[in-house]
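Accompanying notes for the structure given below.
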Amino acid sequence: MLVIPSIDVAAGRSRVVSWPGAAAGAGVPTDRPERIAERFVALGARVIHVVDLDGARAGAPRNLEALSAIASRVAVPLQVAGGLEDPDAIRLAFASGATRVVLSMGVADRPDVLRACLAVAGDWLAIGLDPRPERLAEFRWQRTRPPSFDTLVDELVGMGVARFVVSHGGASPDPATVARLTERRDADILVAGGITDLTGIARLRDAGVTAVILGEVLLSGRIDYTAAREIAA
């Protein structure tokens, strides 16, 4: 299982300042996304996840310069989320250095747009999903009734989606939901957020998750990245 560092970017800077030596009073803090990415790659990261917070709010990419800066400093795949709502936005992300993209759950209600996005990104496209029943019920679906989580996944896999990023709004991942998903052999399952210790990483590893995406817990030092990779192996 991969442990993928995540960097939330707003106005070109990391939302969380990374200070790897804070506990020992050593090192230099930074909010430069490219420097944070470099540090994690030096520690063995094989993928970097970048969230364009401004893009997510605007519905279009807003931090492409920061993405380009990261791409110029590291030679690993960059997985980007936030503001990727159509094929042109995906093309812009790819032109700026992204190699993987994550679309929001809303694209499930726009099959024509999803097909066009798949035509651009293919297997490097993922859909971000929040499986909580209340979240699915609250979502403004264009269909007459909200789909169940399993139905939604079946629809998306049937359309050619091969990768999902599953989050629970910052809460701990639901073991039953993760287990159902990982039993599928036709899609990669990445879990984002909700992990606060090494035990949580071990549980996801044992559940067969493809990758776990960790942001603030890594940047703040609450979870040591090297230890996380060792547990995940």
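Pick out, in residue order, every one of the chymotrypsin sites (Phe, Trp or Tyr not before Pro) in the stretch 140-205 that is DSSP loop and has at most 16 other C-beta atoms within 10 Å; say none if there are none.
Answer in residue order: Trp141.
In percent, what relative contact order does the stretch 2-232 have, based on Cα pairs under 8 Å that are 6 or more apart in sequence?
19
Magnitude of the Cβ-charge dipole of the stretch 155-233, K/R +1 and D/E -1, about the Cα centre, nearest 20 debye?
80
For the stretch 39-134, report the translational diffusion coefficient in µm²/s to the nearest whole number, using Stokes-Einstein at 20 °C, 1.002 mPa s, and a Kirkwood Rh over Cα pairs.
157
Suppose every Lys and Arg Cβ carries +1 and every Asp and Glu Cβ carries -1, with no other charges. What dipole size does the chain come out with about its Cα centre, to the nearest 20 debye?
Dipole size: approximately 240 debye.
When the Cα centres of the stretch 162-233 and the stretch 72-150 are compared, how far apart do they sit, in Å?
Each part reduced to its Cα centre gives a spacing of 19 Å.
Select from Ala126, Pro77, Val209 the residue farthest towards the positive end of the dipole of the chain; place +1 on Cβ of Lys and Arg, -1 on Cβ of Asp and Glu, and compute about the Cα centre.
The residue sitting most towards the positive pole is Pro77.
Net charge near Thr151, counting Lys/Arg +1 and Asp/Glu -1 over other residues with Cβ under 14 Å of its Cβ?
0
Per 10 Å bin, what is the whole-percent P(r) computed from every C-alpha pair distance within the stretch 2-232?
Binned Cα distances yield the sequence 8, 33, 38, 18, 3, 0.
How big is the antiparallel share of DSSP beta bridges in the stretch 2-232, given as a percent to the nearest 5?
10
Local charge sum around Thr210 (other residues, Cβ-Cβ under 9 Å, Lys/Arg +1, Asp/Glu -1)?
Value of the local net charge: 0.
Using only Cα atoms, what Kirkwood radius does the stretch 88-137 have, in angstroms?
11.7
What Kirkwood radius, in Å to one decimal, follows from the Cα pairs of the stretch 120-191?
The answer is 12.8 Å.
No lab work stands behind these numbers, since they all come straight from the coordinates. These numbers were taken from a predicted model, which means no experiment stands behind them. Please note: Cβ atoms are built from the backbone with ideal geometry, for glycine as well, and neighbour counts cover all protein chains shown.
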